[in-house]
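The values are calculated or read from the model by the stated rules, or taken from the named source; none is laboratory data. Since this is a predicted model, take the numbers as computed values, not measurements. We place every Cβ from the backbone using ideal geometry, glycine too, and count neighbours over all the protein chains shown. Just so you know, the surface numbers come from the protein's heavy atoms only, side chains and all, with ligands and any DNA or RNA stripped out. Shrake-Rupley method; radii C 1.70, N 1.55, O 1.52, S 1.80 Å.
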Amino acid sequence: MAEAVAALGLAANILQMLDYGGKILSTAWAIYDGTDATGFTSLQTLCEDLKSSVETLQKPQSEPDEAIAHLAKECSVVANALLQKLQALGLSKKMRIGKREALQAAFQRAWKRNEIQELENRLKQLKDQLLLRLVVSIRSNAAKTLDDQKNIIQGLTDALREKERLQMRLNGLLGRDDRGLGTEILRYLSLATGNHLDSRDNPHINYEVFRAWKAMGDSLPNRQLPILTSQTKNNKEKVLLNVLAYDGMHDRESGVVEAHERTFHWVFDEANTEQHTWDNLPGWLASDDQLYWITGKPGSGKSTLMKFISQPGNEDVEPRCVKHLRPWAKDQPLLVASFYFWASGDTKQTTVEALYRTLTHQILSAYPEAMPIASPDRWESLALFNMVEVFTGDTELRDVLFRAIHHVVRELGIRLCLFIDGLDEFQGDHKTLLDSLTHIIEAYPVKLCVSSRPWPVFEDAFHSRPSLRMEDLTFDDIQNFVTSRFLENKHFAVLEKLEPEFAGQLIDEIVRKSSGVFLWVRLVIESLLEGLLQADRISDLKHRLDQLPPDLEDLFDRILDSLDPVYLQHAAQYFSLVDCGAPSALLLYFADEDPTSSPLQLPCKDFTDQDINIRTDRIKRRINSRCKGFLEVVPSDSTHRGEHATVQYLHRTVFDYLKSPKVQAMLSAATSKDPFDPYLSLCSGSLSMCKTLSWERRFHHVLLCLQFAAQTALKNRSQMVAIVDNLRATLIDIKFTISFDVDLAEVYSRSGLPPTLPRNSLRWPDVVPANYPKTFLHLVLACGVAKYIQHKTILEDASFYRELEYFSPPTERLHKQILGKVRGLPDSFMGQKKSNQSTALAQSLMISALRLNHSNLACKPAIIEALLAKGADLNHVFAPNPGRPEEKTTVWIFTLAATLMVLHGEKNQEPNTELYRTYWGKIVAVMISHGARCDRGAVDKALDIFLRRRAKLDYKGADRRTLVDAAVKALRRTKETGEPFTIEEYYEFYSTEPAG
C-alpha cells in the first residue's frame, strides 16, 4: 500500500503549492485593482511559502503515481513562472512600498491583466486535473479490502507524524471505524495542507474534492462499490434513510380510522364468488393480474379498507393480505409497501415527492443492500466523503424509486405489492401520476392496488381492471358499526331497555339514509349520542335524525349553522391554525393561548408525559366542542396521546367544504370583529414548545418559531419582536448551543413547512465567513424575519458577548482572539464602543444576507435596507467564496456581479430566475440609494468576478466596452428613478451592433 500513501502525499504537496499560487494571484488582483493596499506584505510571505513548496515538490518521490507525478512537474513549471514575475517586483529583497498608488503602479507595469488571468486559468486547470486524480484514487482505494484500507490509514498517519507541527493533533483524527477510508483520506489532505502559521487544518479541501466528484458525475471511470465495515455501513444506511424521510411521513396512515372489528372481513371472502357484485380481491391477490381499483363515494371508507387490507390485524405480524399473496409469490420473499395521499393535511402529502420518498423508504428499510443501486451517487458520497445532500426534484426521486424496485424485484427476487390510497387527493397532473404507476407495472412484475373517487380520469384508466365500489358493499358493515357504537353507550342501553322497538328502528333508519357513506354515519352518530347524553325523548331523537340531511354538504351546513357564534369564531381560528402549519396537537394547544403573555411568562422546564397528555386532552376537548367533528386529534403512535398527536381534518370532503367560497365568507365574518393572525399565534406556540420539550427536539421548534415570525402581519410586529426576544433570552439562559454546521435545508425539507431556504445542502460555513461572529441574529436572518431586523437596534445591551459564548460552537468561543484577526472588523472587537460593535455585526449579517438564497426572496431587499441603515458598509472587503478565502471583493461589487449572473441566467432561461431577477434588481436599487457606485470601474470589477465564475458571456457581437456602457446606463437610470435594475435595461446591448 506504499504506492497509495506516496501518491496521496505527493497530491497533498501539489495542493499546497496550488493553494499558495491561487492566493498570490488573488492578492495580485486586489493590488492591481487597488482594493488591497496591504497585500504587498502578504505577497512577501506567500512568495517564501511558494518557493518552499516548489522545492518539496521537486524532491525525488518513492513509487510515485505516474499521472500525479506528471502533474507535479507541470505545477513546478507554472510555479517557477509565477516566482519569476514576483521577483521582477523585488519581492525577494523584501522591498517596501509605502504608498498604495506606487504599489498599484508597480504591479501594472510588471503584469498585464490578461497575464494574471492566464496564470489563474492554468492553475485552475491543474487543480481540476489533480482533483479528478484524487477522486479516482479515493474510489479505487475505498474498493480495496478492509485490511488494505487499514494499512493505507496507518501509512497516512505515519506520514503526518513526520510533520512535527501535527504531532499533538493526531490522537483520534485518523483511523475511526465509522467514517470510511474516503473520509480518512480527506482528513489527511486537510491536515497535510493546513496553514502552518496557525496550525489549523484546511477544511476547504474536503469541499473541493467533494464538489469535484459531484461535477464529474458519470464521467468518472471505474465506479466500484466501496468496501465498508459493518458498523460504517449501518451508520450510512441510517443517514440515507433519514435523508429520504420527512416529518409527518406516517401521519396520514396513522390518522386513517381503524376498521371496526366486525367490518370489512367480507373483502377476503372466497366463498360464493359467483354471487359477488365485485371482482374477487383474494383471487386477484393470488393471481398474476397486476392492478386492482377500489373506488366509491367520498366518505365511503376507501382509505379504511386500504389500511385494513395492507396492515396486520391486532395480533398479527404480517399484513392481512400476505396470506392471500402467497400463491402468487410462491417461495419468494414478499414485501408490502403503502402510501396515502392526503389533501387536507400537510401539503407535502399531496405530492409525488411524498409518494416516491415514502415507498423508497419502505423498500430500502426492508432491503438496505439496494441503497448503492437505488441512489449510487448519494451512497458513494456518503461512503467516500461522509457527505450527502437532500434529494432535489421529483424526477430524481422517481428514478431512485424505480431503481430500488428494479433491484429488489429483478436482482433479489422479491415479490412486491404496493397499496396507494387517494389518487384523487394528489395535487397535480393525474395523467402524469397514472403514467408513472403504469410504468411500474409494465416494467416489473409488481402488484398495485389503488383507490380513488370515481372521477372520469380514473374511470378511463381502470375501467377494464378488477375493481370494487364501496357503497355497494358496506350495508352490513355500516349496520355492524352503528349497532356496536350504540351498544357501547350506556345511555343507549337505557333507551333500549325502555324502548327496544324504537332502538332497532333507529339503527335501521341510520343505515338506510347513509347510502353507504361511513363519514355521514360517523357524524350522525355523534349528533344522536349527544342527544342521548341530554336524555332526549324518542320524539326528540326522531326529530334530530329527520333534520339531518342525507347529503354530506347539507349535513356540513347544518353542523356549522348550529354552532354558537363564540364557538364558530374559535372554530374558524382552529381551521386557520391548522391550515398555516399546526399539525401538532400540543403546538395547537400553545398557539391557542394569549400570544402576548402566556409564552413570555412560561418557565423553561421540560414537560413530563403527564404534562403533555393533560394539555393534549384539553385541546382535544376544545376541538370536539368547537369544531363538531370537522377536526380531530389523531395519534402518531399507539399511545393515542402525547407530544406526537396531530390535528387533522376529519376527511377530504370536510376540507373541500370549508374551502368553498360560501364557507370561507362565513368564517371570515366570524373573525372580522377580532382579526386573528395565525402566524403570530403559531410563533408564540413554538416558543412555548421550545421551553417545554426535550433537548433533542428544541432546535426544530426554534426554527419553526422564527419561520412563523417571518410570516406575521406587519401590524403585529411589536408582539412578534417580544416573542423572538424571549426566544433569544431563553436560549442564552439555558445555555443552548446552536450548531452552525447544521444543514438548514435538510431541517426545512423534513419540517414539511414552506421552506425559506433552497432544497439543496446549505451549511453555515457557506454563509458566514469562518472568522466572523455568528449570533442569534444570523439565524433570524436565515429564516427571513426581515421585520425583526428592521425593528431592532442591532446591539441593545451587553448580552452580545453571551451570544458569542452560547450561539457559537466550542471551537469558536475564543471570540476575542478570533475577532482580533478578522479583516474589516475593529481590533479587540469586544472592547469597542457599542456603535462599532453594531456596525461590525451589521457587516457580518450583510454578508450572510447576500450569500443566503432565500426561496422567499421578497424579504431580502428589506433586510439589506435595514442593515445598511444600521451601519453596514457597501465597500467592506470580504471573501465571497468559502473555498477561496484569499479572493476578496467589496459588498457592492459582489452584489453587482451576482445580479449580472442572475440576469444572464434569465437570458439563458435558467430555472427560477424570474423571481431572482426581480429581487436582485431591488437589492441593487437599495444599494444605489445608499451611495453605491454606478461607474465603469464598478461594472468592470463585477464582470471580472462574473467571468471567473462563468468563463465566458455571449455578447452577441458586442465588445466589452459596449457591454459595460449598457450596464452603466441601466445603473444610472435606476439611480434616477429608484426602480429595480431590470433585465430589459441590462440587455439593451443585445440588439446593438458592434461599434465600427
Options D148, D128, D177; residue that is modelled with pLDDT under 70 and open to solvent by 40 Å² or more (accessible area, probe 1.4 Å): D177
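Among the residues of the range 456-489 satisfying the criterion of being over 30 Å from H406 (Cα atoms) and touching a strand residue (DSSP E or B) at 6+ places or on another chain (Cβ under 9 Å), which is surrounded by the fewest Cβ atoms within 10 Å (Cβ to Cβ)?
This residue is R469.
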Taking the stated definitions as given, is S436 among the polar types (S, T, N, Q) and farther than 27 Å from H250 by Cβ? no
Only one of C580, C604 is open to solvent by 40 Å² or more (accessible area, probe 1.4 Å), at pLDDT below 90 and not basic (K, R). Can you tell me which? C604
Index of the failed condition, P298 passing every other in (1) out of contact with any Asp or Glu (no Cβ under 9 Å at 6 or more places or on another chain); (2) closer than 17 Å to L650 by Cα: (1)
Give the residues of the range 882-910 that are out of contact with any Leu (no Cβ under 8 Å at 6 or more places or on another chain), among the hydrophobic types (A, V, I, L, M, F, W, C) and either at pLDDT below 85 or open to solvent by 40 Å² or more (accessible area, probe 1.4 Å) (or both), sorted by residue number. M901, V902, L903
I'm told S303 meets every condition in (1) in contact (Cβ under 8 Å) with a residue 40 or more places away in the chain; (2) touching a Ser or Thr at 6+ places or on another chain (Cβ under 6 Å) except one. Can you identify the failing condition by its number? (2)
For V702, state whether it is crowded, with 16+ Cβ neighbours inside 10 Å, farther than 25 Å from Q349 by Cβ, β-branched (V, I, T) and at pLDDT 50 or above. no
Which is in a helix (DSSP H, G or I), in contact with a strand residue (DSSP E or B) (Cβ under 9 Å, 6 or more places away or on another chain) and either over 19 Å from L325 (Cα atoms) or open to solvent by less than 10 Å² (accessible area, probe 1.4 Å) (or both), of L359, L384, L416, L397? L359
Among what's in the range 306-320 and is touching a Ser or Thr at 6+ places or on another chain (Cβ under 6 Å) and not hydroxyl-bearing (S, T, Y), pick the residue that is modelled with the lowest pLDDT. P319
Residue hits (the range 226-245; part of a loop (DSSP other than H, G, I, E, B) and modelled with pLDDT under 85) are P226, I227, L228, T229
Return the total of residues in the range 863-881 being of a type in the set (A, V, I, L, M) and crowded, with 20+ Cβ neighbours inside 10 Å. 6
Considering only the range 592-608, I want to know if a residue exists there that is within 31 Å of the chain's Cα centre (by Cα) and of a type in the set (A, V, I, L, M). yes
Check the range 184-207 and report whether any residue there is at positive phi, of a type in the set (G, A, S) and modelled with pLDDT of 65 or more. no
Taking the criterion of being crowded, with 19+ Cβ neighbours inside 10 Å and farther than 27 Å from D551 by Cα, would at least one residue in the range 499-512 satisfy it? no
Please enumerate the residues belonging to the range 66-87 that are surrounded by 14 or more Cβ atoms within 10 Å (Cβ to Cβ) and under 17 Å from L134 (Cα atoms). A67, I68, A69, L71, A72, E74, C75
Of the candidates Y574, Y589, the one satisfying the condition of being surrounded by 20 or more Cβ atoms within 10 Å (Cβ to Cβ) and closer than 30 Å to G296 by Cβ is Y574
From the residues in the range 589-610 that are part of a helix (DSSP H, G or I) and out of contact with any Lys or Arg (no Cβ under 9 Å at 6 or more places or on another chain), which one is farthest from Q707 (Cα to Cα)? Q610
Which listed residue, of W284, W266, is in contact (Cβ under 8 Å) with a residue 24 or more places away in the chain and open to solvent by less than 20 Å² (accessible area, probe 1.4 Å): W284
Among the residues of the range 287-322, which ones are charged (D, E, K, R), under 21 Å from G255 (Cα atoms) and either open to solvent by 30 Å² or more (accessible area, probe 1.4 Å) or not in a helix (DSSP H, G or I) (or both)? K297, E315, D316, E318, R320
Top-ranked residue of the range 641-685 - restricted to ones that are of a type in the set (G, A, S), in a helix (DSSP H, G or I) and over 25 Å from F708 (Cβ atoms), ranked as modelled with the lowest pLDDT: A669
Output yes when any residue across the range 483-498 is assigned to a helix (DSSP H, G or I), within 24 Å of G299 (Cα to Cα) and without any contact (Cβ under 8 Å) to a residue 12 or more places away in the chain, and no when none is. yes
Which numbered condition in (1) in a helix (DSSP H, G or I); (2) modelled with pLDDT under 85; (3) open to solvent by 20 Å² or more (accessible area, probe 1.4 Å) is the only one that S638 fails? (1)
Within the range 323-342, restricting to residues that are over 36 Å from the mean Cα position of the chain (by Cα) and under 23 Å from E261 (Cα atoms), the one that is surrounded by the fewest Cβ atoms within 10 Å (Cβ to Cβ) is K323
Residue list for the range 670-689, restricted to those being surrounded by 13 or more Cβ atoms within 10 Å (Cβ to Cβ) and farther than 25 Å from L602 by Cβ: A670, T671
